[in-house]
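Structure first, then comments.
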Amino acid sequence: MLDRVTSMQVFVRVAALGSFSAAARALDLSQTMVTKHVVSLEERLGIKLLHRSTRKLVLTEGGRNYLAACERILAEIEEAEASASLDRVEPRGTLRLNVPLTFGFRQVVPALAEFSRLYPAVSFDLGLADRYVDLLEEGWDLAIRIGRLKDSSLVARRLAECRTAVCAAPSYLAEHGIPQSLEDLSRHNCLGYTLPSAIGANRWAFGLDGEAVVPVQGNLRANNGDALLAAAVAGQGLIYQPTFIVGDSLRDGSLVPVLPGYPTYQPGIHAVLPSGRQAPAKVRAFIAFLSRCFGPEPGWDRGLR
């Protein structure tokens, strides 16, 4: 079966030049192939498009109507292809971005205004969620993930380090004492993060790669780091959270670090996107922008020991 769009292009050229042979020369096709394309359209439509004679071609009424439709459709196709090509070189269009809730609210959303000033032709469809999203199935252009990456079908770009800290309010430590070793954690109220992580509700991992796992327990479990932060500042227990969550509280003294001599788990912060295709300019520009914003020393770590 002949390609319908190509057949439409051939028909438009035949009508414009008034000759099968002239159209064949212009399109670098054989006259036989040009004739096949026009005949294919006529058979599909069930009408005659052209009256043929040895001297000239004349469009039928149906041919004139179909020619106008073909010219409109081909122009729209050309415009769509030009727009898609422009997307590869100029940041523009809607960027569908999915980010973890707390990190997105604290670190990504405040940066969007500056990006929009730099690239005013880009708009955002922002998803804030701590669940693991399927980029292809749900149609996200880009996601930010914190921790070890397991999905090999995605392309990942490391944006920044993610330091973590065990900390508690001075009031809690004054009442319950200061842990001196990892083993001491079993005697403390450790507030647990319930989403899958090396810093879980029932275990905390230490060492830069999380190789030393310590069982913990406590009277509060939550799926959000800001909720655990509020409880810890109020003196409820110890928390083990990223410094982009606890950094301000460590700086103002409402929390103090615990077990500073033990290396904590340091997951990376990554931008991930589907593999197998060139990322559009809007995605490449946003990844480069976040890399400049967050690295090499993220703002949330400044002033911390």
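Beta bridges assigned by DSSP with both partners in the range 123-266 are antiparallel in approximately 80 percent of cases. Pairwise alpha-carbon distances in the chain exceed 25 Å for 62% of all pairs.
Dipole magnitude for the chain: computed about the Cα centre from +1 point charges on Lys and Arg Cβ and -1 point charges on Asp and Glu Cβ, it is near 1080 debye. Relative to the Cα centre, the charge distribution of the range 145-263, modelled as +1 at Lys and Arg Cβ and -1 at Asp and Glu Cβ, gives a dipole magnitude of about 380 debye. Among beta bridges from DSSP that stay inside the chain, the antiparallel ones total about 70%.
Using Cα atoms only, what is the angle between the long axis of helix 281-294 and the major principal axis of the chain, expressed in degrees (0 to 90) to the nearest 10? Result, in degrees: 20.
Scoring 34-45, 92-103 by mean Cβ neighbours within 10 Å over their residues and listing the highest first yields 92-103, 34-45.
With a sphere of radius 13 Å drawn around the Cβ of GLY192, what net charge do the other residues whose Cβ falls strictly inside it have (Lys, Arg +1; Asp, Glu -1)? So the environment of GLY192 carries a net charge of +2. Close Lys pairs in the chain, defined as Cα atoms under 27 Å apart and 8 or more places apart or on different chains, number 4. Couplings 3J(HN,Hα) of the range 165-174, computed from phi: 8, 8, 8, 7, 6, x, 5, 5, 5, 5 Hz, in residue order, whole Hz [Karplus 6.51 cos²θ - 1.76 cosθ + 1.60, θ = phi - 60°; x for Gly and Pro]. The shape of the range 164-257 can be summarised by an equivalent ellipsoid whose semi-axes, obtained from the alpha carbon gyration tensor, come to 18, 15, 13 Å from longest to shortest.
Readers should treat all values here as calculations from the given coordinates under stated rules, not as data from a laboratory. Because the structure is a prediction, the values reported are computed rather than measured. Reconstructed Cβ throughout: ideal geometry from the backbone, glycine too, with neighbour counts over all protein chains shown.
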